[in-house]
1. Only residues that are touching a strand residue (DSSP E or B) at 6+ places or on another chain (Cβ under 6 Å) and assigned to a loop (DSSP other than H, G, I, E, B): list them for the range 45-56, please.
2. I need every pair where a residue in the range 201-228 that is of a type in the set (K, R) has its Cβ under 8 Å from the Cβ of a residue that is assigned to a strand (DSSP E or B), sequence separation at least 6 or different chains.
3. Considering each of L168, L160, L183, L131 in turn, give the residue that is at negative phi, crowded, with 23+ Cβ neighbours inside 10 Å and not small (G, A, S).
4. Within the range 1-44, work out how many residues are buried (at least 17 other Cβ atoms within 10 Å of the Cβ), within 19 Å of the chain's Cα centre (by Cα) and not in a strand (DSSP E or B).
5. Is the range 61-72 home to any residue that is modelled with pLDDT under 95, assigned to a loop (DSSP other than H, G, I, E, B) and within 32 Å of the chain's Cα centre (by Cα)?
6. Which of the residues that make up the range 186-225 are touching an Asp or Glu at 6+ places or on another chain (Cβ under 6 Å), surrounded by fewer than 19 Cβ atoms within 10 Å (Cβ to Cβ) and farther than 19 Å from D25 by Cβ?
7. Examine the range 280-293 for a residue that is in the same structural domain as V333 (by TED's automatic domain parsing), crowded, with 21+ Cβ neighbours inside 10 Å and part of a loop (DSSP other than H, G, I, E, B), and state whether such a residue exists.
8. Is it true that A147 is of a type in the set (A, V, I, L, M) and either assigned to a helix (DSSP H, G or I) or not assigned by TED's automatic domain parsing to the domain that holds L183 (or both)?
Amino acid sequence: MASVSLQHLCKTYRTGSRQVRAVDDLCIDVRDRELIVLVGPSGCGKSTTLRLIAGLEEPSRGIIRIDERPVNDIEPKDRDIAMVFQNYALYPHMTVFKNMAFGLKMRKVPAGEIKEKVHQAARMLGIEHLLKHKPKALSGGECQRVALGRAIVRTPRVFLFDEPLSNLDAKLRAHMRAEIRTLQRKLGTTGVYVTHDQEEAMTLGDRLVIMDRGSVQQCGTPLEVYREPANRFVAGFFGAPPMSFLDGTVEAGENKACFAGTGLRVTLTDEQSRRISHMSGQAISLGIRAEGLLFSGEIEQSALGSERTSHHPASAIEMTVELVEPLGDRQNVHLATAAGDKLIARSLPSTNLATGQKVNIFIDSRQVHIFERGQKGIRLA
């Protein structure tokens, strides 16, 4: 297969008298046989990046390399890549067989070899019985398999996926996600996958590239991005439910530091205290995911057990339940402090909660993240 390298890649569009930078100084290295996922909010530049790799857009600046070879001036058809689109892009007047064979036919591959490759890919995808059908007779999942098959038969060096599952229902999306990952490992391909779906990104990617406004915010394995977000943007974007934030200041004591917010204090761990004790009095943000919050009635049932109950009383916050979202095996509980700060906690479904109810919430200081203030404030501890 191949490696892909994007070096200081930029793409600028002109809209009237204004210039819009869709991709801003992007540097990404995709290793051979790696599946890397570009993920971010709508308009962050991830699909534009994919189109630049494919040659469907011309970069304003920067270099694109495939296997160390610059391909900026090479036509899309000569880059030896295959792209799977969101809308499948199948020819409606052609059968499944002809759709899958079309690219090979354009490259003047012998008919016998085309037939062998199409049937081999169709067997792999479980669509051999559909080869004589036309796209209008297929379901969304079947159309997506045909689009994948059309890419597979070409045995390209690089696969590009542009939100290929976004048009499918949730159950089929999960099934196809597993199929794509299995296929990618079986074929040993190099892939770049674009999605806005965080669950899709977590389960598919060897590494994730989190993007915002055309630039990379963080690149790492799914667990690195989740557990060690580089900045507040990544922390707030990545994760379901999203991380909650509280604004406050650092209070540095003799042995430990505390986060002091409006009407609350959280005693920090020794490691956190060591990292920010020099910042006494400075403004910071404290981030906490839903699993780092625990209702007082659930402490004994948690894996933290008695250690959780030994927390300093200041780590307990009285909050008001604003909304309960039942999700079967858990429930997400939206909470508000007296000062109006919002948090989202995860609760056991057996915990009876009602809108307007006052509850005590304990914060596990080992699971908090400390950031500089601002939307993209870097993580300090």
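The values are calculated or read from the model by the stated rules, or taken from the named source; none is laboratory data. Since the structure is predicted, the reported quantities are computational estimates derived from the model, not experimental observations. Virtual Cβ from ideal backbone geometry, glycine too; neighbours counted across all protein chains shown.
1. G45
2. Going by the 8 Å Cβ cut-off, the qualifying pairs are R207/I36; R207/V37; R207/C219; R207/G220; R213/D24.
3. Residue meeting the stated conditions: L160.
4. 3
5. Scanning the range 61-72 turns up at least one residue that is modelled with pLDDT under 95, assigned to a loop (DSSP other than H, G, I, E, B) and within 32 Å of the chain's Cα centre (by Cα).
6. Scanning the range 186-225 gives a single hit, D206.
7. yes
8. yes
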